[in-house]
Amino acid sequence: MVSSAQVVPAAPSMAWLDKQLSPDQRAELLLNAMTQEEKLSVITGYFGVQAEWNDYRFKEARRQSAGFVPGVPRLGFTPQWQTDAGSGVATQREAPPDLERTALPSGILTASTWNPPLAEKGGAMIGSEARASGFNVMLAGGVNLLREPGNGRNFEYGGEDPLLAGTMVGAVVRGIQSNHIVATVKHFALNDQETGREQINVLIDEPAARISDLLAFQIAIEHGDPGSIMCSYNLVNGVYACQNDFLLNQVLKQDWGFKGYVMTDWGAQHDTVLNANHGLDQETGVLKTGKYVWLDKLAAAIRENKVPQSRLDDMVRRVVRTLIAKGAVDDPVKPAAIDFAAHARVTQADAEEGIVLLKNQGVLPLTAKDQRIAVIGGHADVGVLSGGGSAQVYAPGGIAVPGLGSKDWPGPMVYMRSSPLDALRSELPKATITWQSGSDLKAAAGAAQKADIAIVFVTQWTTESLDFPITLPDEQDQLIAAVARANKRTVVVLETGGPVLMPWLEQTAGVVEAWYPGSQGGPAIARVLSGAVNPSGHLPATFPRTLEQLPRPKTTAPTGPEGTHFDVRYDEGAAVGYRWFAKKGFEPAFAFGHGLSYTTFAQSKLAARVEQGELKVSFTISNTGKRVGKSVAQVYVSPAAGGWESPKRLGAFAKVELAPGASEALEVTVDPRLLANYEPQRKAFRIAPGAYRITLANSARDAGQSVSVTLPERVIAPK
Ligand code: BGC
């Protein structure tokens, strides 16, 4: 008898297309109809760019795209067209005008909104552009924790706290997938620096990982239900993440019950057998000249019984089931028109809510008294900065400042064409607004001196594949100092990928963190400055005062010959960001959770109780000022007996909009895992019985108000 794997029936069974059947049943029927070659082909993805370095392959790939996985035409199974990333439909290397797309603000800005429904709307918008651009897989949902403030990819992620990052990124994923396409949560796991990202071996113990970086992924997966997960380039405890049985098989698939598929980061596959047996389901980013680990090599490994056939079937089942379950099969993607005007409103709404007012000594919002305004620096006359690398979206209008950054990967540096200066002028038609580029310190100071208020824009480009010192480049600190000497009413607007040091902080009257604000960043910044928008962004990451306050003041770089691994031990464990600062008693420049408003809020009636085993916290927020505003209530939890990595963790949060004089009673439930430690011997989280302090506060440093609650012991299985 011939094995069924080699038989190609003349008329293939198309029963799998029956929409009445469940995705599991359909996947099974499809799998059974596939030849071995067809199975191998849906688990192998190619770099999508049609360039000389990619041998101009795969005409079916979308232009300048991240990836392409061939379909199975004989059986009517769709190809997989993959695009980056979390801020919108990205284009590799450069974009002709027809590939320009709406850019959401950076992920860290969206996290700063603390507003999951808004993040979901942004996700739905970029997902719709992915679909309209012919993509059915969006490589978006970056949730690596901000452990290293200098990480060049912090802008893509959701900050330093597992609850906030997981919730916000999960919301974006939900939005993307509402378009019947697959989203990919990445980079699993502990891929927290770019320096030596393919050689770094992160060492961390399991309990710490489970309540920090892994918890961020777990929460994002619970909220977003992503179809796929991308494993990362680095090693974790001695094993590459993409062939890490612990991460992929035990944690992700077994403990968390993940039913989707695991794809490699582009080229992160290393070993045919280990990748296959340790939980990888799809290799991606294959270049003709590059390495691939499956196809004929996997077929041979199966023949030699090094990989069971059932493992290949499981990979294929996971891939096809996911595409069916998410709707990408029954609702095939096809290029369509994009409503750029409507999408501009979506990205602007996100930007307006995620810009953080860090400091305000009575200078903002701008008033009628600010007749003469000196705007200086940061190319604010033409655009706003964005982060580089595979996530780069080319926004409508092209590059505002051509020729910056390297021509090759990960360049160029892209300023999007959305001018804060122009937007300020239209917001404030009666004011005289002057412009100085900032390249001439004397001229900048001169303009500031003649003005009622000076607004200095400063920028730091960050990108995938590089890490950065957390100091503003190009002598911009000196520019701020010079302007602040000339005018006491100096406001600094930062466009950065993550936290930076502010040696000039005491000399300035106002500081605004605008992150990379996306393709409508200009008007969003202008409207926050003018007061048309009342700022409500809050930091998703701690801004240190000095480098010495960090667990690792210097990024560890490889020292050995090319390709050798190097260890970075996360001695801080789960004490990431504010948890580290709280444990050490360090005072940051700006705390996690901090963010000012043009109105004032009061918090009252704090109470905590256990109901059906869940910790419920209730309180009232009132707007005690004169403007409509949004408050972010933050609930921190602390065990009276200690025993955590830090004296406090964020346990829950809620954002609420209030008219002047209005109050609202709110109740939040604390995720029990945030009250627990992870105990590997039980394979479970455990809440220790005893007294806990519940604090309602405006930031991780704010004393706020507290109540005490007694919790019974509780053991929580990982899922
Ligand atoms: C990045 C991924 C990205 C992939 C495809 C890799 O360099 O790390 O985040 O999805 O390329 O562009």
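Structure summary
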| read-out | value |
| --- | --- |
| Shape call, the stretch 55-116: gyration tensor on alpha carbons, a/c limit 1.5 | oblate |
| Percentage of interatomic Cα-Cα distances in the chain larger than 45 Å | 21 |
| The stretch 567-681 shape via C-alpha gyration tensor axes, a/c threshold 1.5 | oblate |
| Dipole moment magnitude, nearest 20 debye, the stretch 165-270 about Cα centre, only Lys, Arg, Asp, Glu C-beta charged | 300 |
| Positive-end extreme of charge dipole, the chain - chosen from Ser232, Thr434, Leu75 (charges on Cβ) | Thr434 |
| Among Ala509, Val493, Phe468 - extreme Cα towards positive end, dipole of the stretch 459-521, charges at beta-carbon | Ala509 |
| Exceeding the 24 Å Cα-Cα cut-off - candidates Lys616/Lys655; Lys359/Lys442; Lys369/Lys450 | Lys359/Lys442 |
| Simple spin-label estimate for Arg569 and His270 in nanometres, 7 Å along Cα-Cβ | 2.1 |
| The chain - charge dipole about Cα centre, Lys and Arg +1 at Cβ, Asp and Glu -1, debye rounded to 20 | 1160 |
| Net lengthening on full extension, Arg609/Lys450 (0.36 nm per residue, minus Cα-Cα) | 51.4 nm |
| For peptides 504-514, 165-175, sequence by mean Cβ density within 10 Å, most packed first | 165-175, 504-514 |
| Å² per residue, accessible surface of the chain at 1.4 Å | 36 |
| Nearest-0.05 FRET efficiency for Arg372 and Ala662, computed from C-beta distance (R0 51 Å) | 0.90 |
| Residue-wise HN-Hα coupling along the stretch 234-245, computed from phi with Karplus coefficients 6.51, -1.76, 1.60 (Hz; x: Gly, Pro) | 6, 9, 10, 6, x, 10, 3, 4, 7, 9, 9, 4 |
| Relative contact order %, the stretch 61-201, counting alpha carbon pairs below 8 Å whose residues are six or more apart | 25 |
| Packing-based ranking, highest mean first, of 398-409, 684-695, 373-384 given that Cβ atoms within 10 Å are counted | 373-384, 684-695, 398-409 |
| Beta bridge orientation in the chain: antiparallel %, DSSP, nearest 5 | 60 |
| 19 Å Cα-Cα reach of Lys488 towards aspartates and glutamates, excluding residues that sit fewer than 8 places from it in its own chain | Asp370, Asp452, Asp477, Glu506 |
| Percent carbon-and-sulfur accessible area, the chain, ignoring ligands, DNA and RNA, probe 1.4 Å | 53 |
| Length-normalised contact order for the stretch 139-197 - Cα pairs under 8 Å, 6+ apart - percent | 47 |
| Sites Leu21 and Gln309 - FRET efficiency at Förster radius 25 Å, r taken between beta-carbons, to 0.05 | 0.55 |
| Efficiency of FRET from Cβ geometry, Ser426 and Asp339, R₀ 25 Å, rounded to 0.05 | 0.65 |
| Length-normalised contact order of the stretch 584-688 in % [C-alpha pairs under 8 Å, at least 6 apart] | 24 |
| Top positive-direction residue, dipole computed over the stretch 307-390 with Cβ charges, set Ala368, Leu323, Val307 | Val307 |
| Span-like helix ranges in the chain, DSSP H, alpha carbon extent 20 angstrom or more, Kyte mean at least 1.0 | 162-177 |
| Given charges at beta-carbon only (K, R positive; D, E negative), |dipole| of the stretch 577-719 in Debye | 260 |
| Peptide ranges 430-440, 308-318, 181-191, 478-488 listed from the most packed, as the mean C-beta count within 10 angstrom indicates | 181-191, 478-488, 308-318, 430-440 |
| Spatial separation of Cα centroids for the stretch 587-645 and the stretch 418-465, in angstrom | 35 |
| Asn249-Met14 pseudo-label distance in nm [points 7 Å out on the Cα-to-Cβ vector] | 3.9 |
| Separation of the Ser439 and Ala640 label points, Cα + 7 Å toward Cβ, nm | 6.5 |
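The values are calculated or read from the model by the stated rules, or taken from the named source; none is laboratory data. All values reported here derive from a predicted model rather than from experimental measurement. Methodologically, a virtual Cβ is constructed for each residue, glycine included, from the backbone with ideal geometry; neighbour enumeration extends over all protein chains shown. The protein model used for the area step is the full one, side chains on, heavy atoms only, and it has no ligands, DNA or RNA in it. Shrake-Rupley method; radii C 1.70, N 1.55, O 1.52, S 1.80 Å.
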